[in-house]
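Asks: Encoded as structure tokens, here's the structure I'll be asking about.
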Amino acid sequence: MIVDFDESEILKEKALNEKFKSAVLKDISENCKILNTDFYLDSFNYFPITMEDQTFSRLFKRQDDNSIDHIYSEYFYKNFLDNKNRFKLIKDSFVLGSSPSDNYFSNLIHFFPRIFFINENKINLSIERNLSNKFRTFIENICKIRNIEVSFNFIDDGFYNFQNSSIPQFFNINKSIKILKFFLEKILINIKVPHFKSKIYIRREDANYRKILNEADLINKLRKHNFEIINPQHFEILEQMKIFSNAEIIITPHGSNMTNIIFCKKGAKIIEISPNLNDAYEQNISTRYRNIASFLELDFNTIKADSVDVKEHSKVAKKFIHKKILENSNYYKNMIIKIGEIEKNINSL
């Protein structure tokens, strides 16, 4: 059966400890354990299993409630043994990984910060094939700034056999934010964007869910209050971060673009337009950006909107989300906002 080891057990066993190397960021006193050996890996959880059936859940379980309990079941182990000789082989790679659904929050918070623990000047990064071109360009730009020559190895669905490869541990959200701010805020100083007003509204018109159906009325009202209207899809990722860093007041529908609030100035006001998210499985999502704002001392408020069913769910959602959740959760619906609620909040700013 597959066995799990915590960090104290890794340190006690010499052979096990030799599978790991440590990278340290001295300026911010942060370190990262990197598994450096042969291992099997699935492209959903990015949870490595060594050739000796060893796992390390304390290091490789992401802080987004991704369940790995099934990996320790007899059924999984039997299926794993029956199929592992057929897993696609990848050699000499650094597994950065990315969200299977190309979710910006997960890409930026869970996967990307580990790139700063790469010490080599030439690297072959393994990422999901469906990672957006925009995020690939972002990775390339950051590596170029750090004098790292990068090439990509694309992963599809399923399990892989990695040989002579490395995968860094995952971090908790606050540690990821600390790392991102330390490196990226220095880079953002030199990023040029058009001059925008200090009050901005972030549109979500290109999204599959949580679009505001009466957004035209909302935009008319916001413009009268001197808000700039911005579609983040028109900007590269570093430009989006820069726009958030310059803003004093941000109004936005709930969505992964809100991850960029980590670059806002202390005290910036964030007004999130959100559906009612009340079920247990929605709680992590519903408090995600409020928790980030609290950690960064931002002024965060939420306006609740009414939910409206969508006619057809996206292919990505149907692939990764349970049918009952898609049908019942307000997270996978669109919204109608009471314009008076927005005006009340604006007038109180």
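Bear in mind these aren't lab numbers, they're just calculated from the coordinates by the rules spelled out. For clarity, every value in this text was computed on a predicted model and none was experimentally measured. So basically every Cβ, Gly included, is an ideal-geometry build from the backbone, and we count neighbours across all protein chains shown.
Asks: Express in whole angstrom the spacing between the alpha-carbon centres of the stretch 203-241 and the stretch 27-61.
Replies: The stretch 203-241 and the stretch 27-61 have Cα centres spaced 38 Å from each other.
Asks: Give K178/K324; K61/K144; K14/K84; K186/K224 a once-over and call out the pairs whose C-alpha atoms are over 31 Å from each other.
Replies: Violating the 31 Å limit, Cα to Cα: K178/K324; K186/K224.
Asks: Just for the chain, what percent of DSSP beta bridges are antiparallel, to the closest 5?
Replies: 35
Asks: Could you tell me what % of all Cα pairs in the chain have separations over 33 Å?
Replies: Of the Cα pairs, 33 percent sit more than 33 Å apart.
Asks: When all alpha-carbon pairs of the stretch 43-96 are counted, what percent fall beyond 13 Å?
Replies: That fraction is 68 percent.
Asks: In a shell of Cβ-Cβ distance under 12 Å around F300, excluding F300 itself, what net charge do Lys and Arg (+1) and Asp and Glu (-1) give?
Replies: 0
Asks: So how do I34, I167, I71 line up by other beta-carbon neighbours within 10 Å, fewest first?
Replies: I71, I34, I167
Asks: Shifting gears a bit: In whole Hz, with x marking every Gly and Pro, tabulate ³J(HN,Hα) for the stretch 289-296 from phi via Karplus 6.51 cos²θ - 1.76 cosθ + 1.60, θ = phi - 60°.
Replies: 7, 4, 5, 4, 4, 5, 4, 9
Asks: Using θ = phi - 60° and the Karplus relation 6.51 cos²θ - 1.76 cosθ + 1.60, list the HN-Hα couplings for the stretch 326-342 in order, rounded to whole Hz, with x at every Gly or Pro.
Replies: Per residue, the Karplus-derived 3J(HN,Hα) values read 4, 6, 9, 6, 5, 4, 10, 10, 9, 9, 10, 9, 7, 4, x, 5, 4 Hz.
Asks: If you build a Gaussian network model of the chain, linking Cα atoms that sit under 10 Å apart, which residue out of D38, D102, D69 swings the most?
Replies: Answer for the Gaussian network model of the chain: D69.
Asks: If the elastic network links every pair of Cα atoms under 10 Å, which of I49, I155, I68 fluctuates the most in the Gaussian network model of the chain?
Replies: I68
Asks: For helix 215-224, report the angle its Cα long axis makes with the longest principal axis of the Cα atoms of the chain; keep it between 0 and 90° and round to the nearest 10°.
Replies: In the chain, helix 215-224 runs at an angle near 60 degrees to the longest axis.
Asks: Where does the stretch 3-188 land on the Kirkwood hydrodynamic radius, alpha-carbon pairs, in angstrom?
Replies: Here the Kirkwood hydrodynamic radius works out to 17.0 Å.
Asks: Averaging sequence separations of C-alpha pairs under 8 Å and six or more residues apart, then dividing by the length of the chain, give the relative contact order as a whole percent.
Replies: 15
Asks: Give me a comma-separated list of calculated 3J(HN,Hα) values for the stretch 28-33, in order, Karplus coefficients 6.51, -1.76, 1.60 applied at θ = phi - 60°, integers in Hz, x for any Gly or Pro.
Replies: Coupling constants for the stretch 28-33: 10, 6, 10, 10, 9, 8 Hz.
Asks: Report the equivalent ellipsoid semi-axes for the stretch 147-260 in whole Å, largest first, defined as the square roots of five times the eigenvalues of the gyration tensor built from alpha carbon atoms.
Replies: Listed largest to smallest, the semi-axes of the stretch 147-260 are 34, 19, 13 Å.
Asks: Average the reciprocal distances over every distinct pair of alpha-carbons in the stretch 62-162, invert the result, and give the Kirkwood radius in Å.
Replies: It is 15.1 Å.
Asks: Compute the signed sum of charges (Lys and Arg +1, Asp and Glu -1) over the other residues within less than 15 Å, Cβ to Cβ, of F5.
Replies: Taking every Cβ under 15 Å from that of F5, the sum is -2.
Asks: On to the next question. With a 10 Å cut-off between alpha carbons and a GNM built on the chain, which of M51, M241, M258 moves the most?
Replies: The residue with the greatest mean-square fluctuation here is M51.
Asks: A further question follows. Can you pull out the trypsin sites (Lys or Arg not before Pro) in the stretch 102-187 that DSSP calls coil and that have at most 16 other Cβ atoms within 10 Å?
Replies: Filter output for the stretch 102-187: R129, R146.
Asks: Next question, about the same structure. Can you give the log10 of the normalised intensity I(q)/I(0) at q = 0.09 Å⁻¹, computed with Debye over equal Cα scatterers of the stretch 199-347?
Replies: -0.27
Asks: Ignoring everything except DSSP H segments at least 4 long, calculate the 222 nm mean residue ellipticity for the chain; use -39,500 (n - 2.57) per segment, divide by total residues, nearest 500.
Replies: Estimated from H runs of four or more residues: -8500 deg cm²/dmol.
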